[in-house]
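Right, one structure below, let's go through it.
Computed from the coordinates by the stated procedures, all read-outs in this text should not be read as laboratory data. Note that the coordinates shown come from a computational prediction; the quantities given were computed from them, not determined experimentally. Glycine gets a Cβ as well: all are built from the backbone with ideal geometry, and neighbour counts include every protein chain shown.
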Amino acid sequence: MPAFILLTVWTAVRILGRNRLRAGLTMLGIVIGVGAVIAMVSIGEGAKAAVAQRVATMGTNVIMVLPGSMTSSGVRGGHGGAVTLTVSDGIDLTKRIPLLRDTGWGKRDVMQIVNGNKNWNGTVNGVSPSYLTIRDWSFTSGGPFTQQDMDTAACVALLGQTIVENLFDTGEEPVGAVIRIKNMPFRVIGVLAPKGQSAQGSDQDDIIFIPFTTAERKVFGTQFLGSVGALFASTERTDDLAPAVEQIREVLRQRHRLQPDQDDDFFIRTQVDIGKVQEGTSETMTVMLFTIASISLLVGGIGIMNILLVSVTERTREIGVRMAVGAKRGHIMVQFLIEAMTISLVGGCLGIVFGVLGARVMTVIEHRGRGVRLFPRRRPVLRPLPGQQSLPAQSHRCIAVRIANKRPSRIIIQEPCTIHVPPILPPLNIEG
Amino acid sequence: MLIECQDLWKIYRLGDVEVQALRGLTLSIEQGEFVAIMGASGSGKSTLMNIIGCLDQPTRGRYSLNGVDVAGLRSDQLAEIRNRQIGFVFQSFNLIPRTSALENAQLPLFYRGVSLREQRAMATSALSRVGLQGREGHYPTQLSGGQQQRVAIARALVAGPSLLLADEPTGNLDTESSREIMAILDALNKEQGMTIILVTHETDIAAYAGREVVIKDGRVQSDRQTRPVARLSPSGA
């Protein structure tokens, strides 16, 4: 029997080889279907990975506390409408919550920055030195400002890549240069390493950092000394995020003297929350792409089925001849099954090749455009094949068996059996 | 006795209509006979051929081939019998398209599970027996009608059957090719003692046979010996 199977496989391959056009067209559906599934899933995975990467640029295990709304005389301010968070809140959080590794704060404003004859409107952030470590900023040249710079409200600045590109000529060294922010001269002491897009899609490199005290006293001006735009904290471990959030809420409510029936006047976000939202979006995309690709695979399968159906019907006579010379039902079944499987297998393999190639091409295009990497992944490559085999192959086999089940004489019957059917005429109603 | 048909009935049911193709046909054929079966269209001769060839089962009656009662056998057992004992030659050749003459001739051996090398050797010798040496690699479309029919005969012969069924083998051929085909059949019968049953309309083709059976309305109308049976024994006839 194994010899027979081998011979059958060989025969099937030869039969397919003799009908190259038909075999090729049959395969096309599968090639496109499998290719599409692989390419789509790879693109989806890549998008997800890109989002994860962007979320990771925020830093690790970051908690953000933003000012909430405040109601005065019945008018409710929106988020951030209140100036409720202060530097002393931040200092107190560090002292009272051991789970927090670091606490920092900052406030921001868009201002004009001038270097020589060039100017640019960028986001100026007045931050505590710890902010830079929490958010994982690193430097391509120079370094961060120190606590001493904070204490003396020194006029020093750290520039993001976008700022550097817009204020300096290529090749010009920014570190040591003096730029002006709101007519105050600042010495550039560091250039930040680029982070690219944020999870929300904004340019994270369009940024300037100056010491918080400098910003408060010399650049932004403030109504209440010590009020901050946001507090930042980080924990050692991701698992600590949830308890830390609860403790922060408790401490802040206490510090802000909120009654149990009052709402928080701040709100807390963690990196995990932000990541989840972003990943949710890309997950939806992935599922959608996968669904579309699966449908195209299914259509490919149906295409195979149709062509195989036609080919079996077309080969009814051949089946009859094979049976006349002694083929058993099993022989016919195995022959057609192997033919269908060969088509699906070869088509599937070609599909994998095209899918992976397609994903690679997309990677190159995407990489050039937006810095997204696509990851062809192993699992979906293997996934379509077994399912792929079954539908068309089974239908092919069913049809072949149905034909094989007929009496061979019906298949190769030579002269159409002339049947004399007595004509059944309605009784004539002559009288009308 | 090679073939014994006893009171064969074949009834087709097409909806409500019952068609009696064979109505109690009785016929026996000895080993080594060359029988021509004649009859008008619809007389039941093709049905008879199908039953003799184990392609179909009778509705009623007894049919034994080489002493084996065929009526009770399963389809796989019938396939086995067709493979080993019966060779078919059809009016429309029925070669497998896009497949070489050699591979067409190999077909019965393929289903018998013979090794590929043996298949080739046996098919090559079968092809040369019908005068097609050197044409092994030709495809059906590259062969004339007569040559295609000869490939079909080679395919029927290759497995060494005791019975050759030819259903109007010359129906699609010109006179010259017809004569060649009939000469091959005649030689097979005379030289190898192969039993041949030939269905035909034409009297000059039927004249090659030693016995002429006329079928009408599903029964044997006349049965006459025109030539004595060729006896092939080791001592010679």
Set of lysines near A:Lys276 by C-alpha distance (under 18 Å), chain-local residues within fewer than 8 positions excluded = A:Lys48
Name all residues of the range A:213-250 having a backbone nitrogen under 17 Å from the label point set 7 Å from the Cα of A:Asp151 along its Cα→Cβ direction, giving them as ranges.
-> A:213-214
What percentages, rounded to whole numbers, describe P(r) for the range A:83-264 computed over all alpha carbon pairs with 5 Å bin width beginning at zero?
-> 1, 8, 16, 19, 18, 15, 11, 6, 4, 2, 0, 0
With a/c under 1.5 counting as rounded, go ahead and sort the range B:124-237 into rounded, prolate or oblate using the C-alpha gyration tensor (a ≥ b ≥ c being the square roots of the eigenvalues; past the cut-off, prolate if a/b is larger than b/c, else oblate).
-> oblate
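For the range A:83-264, give the share of DSSP beta bridges that are antiparallel, in percent and rounded to the nearest 5; count only bridges with both residues there.
Values: 29 of 38 bridges.
Counting DSSP beta bridges with both partners in the range A:83-264, the antiparallel share is about 75 percent.
Rounding to the nearest 20 debye, state how big the charge dipole of the range B:145-220 is about its Cα centre with +1 on each Lys and Arg Cβ and -1 on each Asp and Glu Cβ. Let's see the in-between values first.
Working: 7 positive and 11 negative charges, 60 e Å.
Dipole size: approximately 280 debye.
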Derived scalar couplings ³J(HN,Hα) [the range A:20-34; Karplus, 6.51 cos²θ - 1.76 cosθ + 1.60; whole Hz; x for Gly, Pro] | 4, 4, 5, 4, x, 5, 4, 5, 3, x, 5, 4, 5, x, 5
Please name which of B:Leu65, B:Leu188, A:Gly190 has its Cα lying farthest along the dipole of the protein assembly as shown towards the positive end, using unit charges on Cβ (Lys, Arg +1; Asp, Glu -1) and the Cα centre as origin.
-> B:Leu188
Amide H contacts under 5 Å for A:Gly229, restricted to residues at least 5 apart in sequence or on another chain and with H modeled in the peptide plane, are A:Gly106, A:Lys107, A:Arg108
In terms of Cα to Cα distance under 29 Å, which lysines are near enough to A:Lys328, apart from those fewer than 8 places away along the same chain?
-> A:Lys406, B:Lys10, B:Lys45
Check: the protein assembly as shown dipole with +1 on Lys, Arg Cβ and -1 on Asp, Glu Cβ, in debye = 1000
The range A:170-231-the range A:251-300 distance, computed between alpha-carbon centres (Å) = 30
Residues whose placed amide H lies under 5 Å from that of B:Thr226, excluding near-sequence neighbours | B:Arg211, B:Glu212
Of A:Ile38, B:Gly210, B:Ile3, whose Cα points farthest to the positive end of the dipole of the protein assembly as shown (charges on the beta-carbon: +1 Lys, Arg; -1 Asp, Glu; origin at the Cα centre)?
-> B:Gly210
DSSP loop chymotrypsin sites (Phe, Trp or Tyr not before Pro) in the range A:189-267 with at most 10 other Cβ atoms within 10 Å of their Cβ, which ones?
-> A:Phe224
For the protein assembly as shown, what is the mean residue ellipticity at 222 nm derived from helices alone (per DSSP H run of n ≥ 4: -39500 (n - 2.57); sum divided by total residues; nearest 500 deg cm²/dmol)?
-> -15000 deg cm²/dmol
Could you point to the residue in A:Ile113, A:Ser294, A:Ile181 farthest towards the positive end of the protein assembly as shown's charge dipole, with +1 and -1 charges on the Cβ of Lys/Arg and Asp/Glu respectively?
-> A:Ser294
Which distance in Å, rounded to a whole number, links the C-alpha centroids of the range B:23-79 and the range B:157-174?
-> 16
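Need one number: % antiparallel among DSSP beta bridges in the protein assembly as shown, to the nearest 5.
On the way: 63 of 89 bridges.
Antiparallel: roughly 70 percent of the beta bridges in the protein assembly as shown.
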Kirkwood hydrodynamic radius (C-alpha pairs) into Stokes-Einstein, the range A:1-40, 4 °C and 1.567 mPa s, D in µm²/s | 111
Please list, in chain and number order, the residues 5+ apart from A:Ser138 or on another chain whose amide H is under 5 Å from its amide H, with Hs placed from the backbone.
-> A:Ala193
How would you classify the protein assembly as shown from its alpha-carbon gyration tensor, with a ≥ b ≥ c the square roots of the eigenvalues: rounded for a/c under 1.5, else prolate if a/b is greater than b/c, otherwise oblate?
-> prolate
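From the P(r) of the range B:3-225, could you give the percentage of C-alpha pairs in the tail past 25 Å? Write out the running numbers ahead of the final one.
Working: 9719 of 24753 pairs.
When every Cα pair of the range B:3-225 is considered, 39 percent fall beyond 25 Å.
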Just how many pairs of Lys in the range A:83-264 have C-alpha atoms closer than 27 Å, counting pairs that are eight or more places apart or on different chains?
-> 10
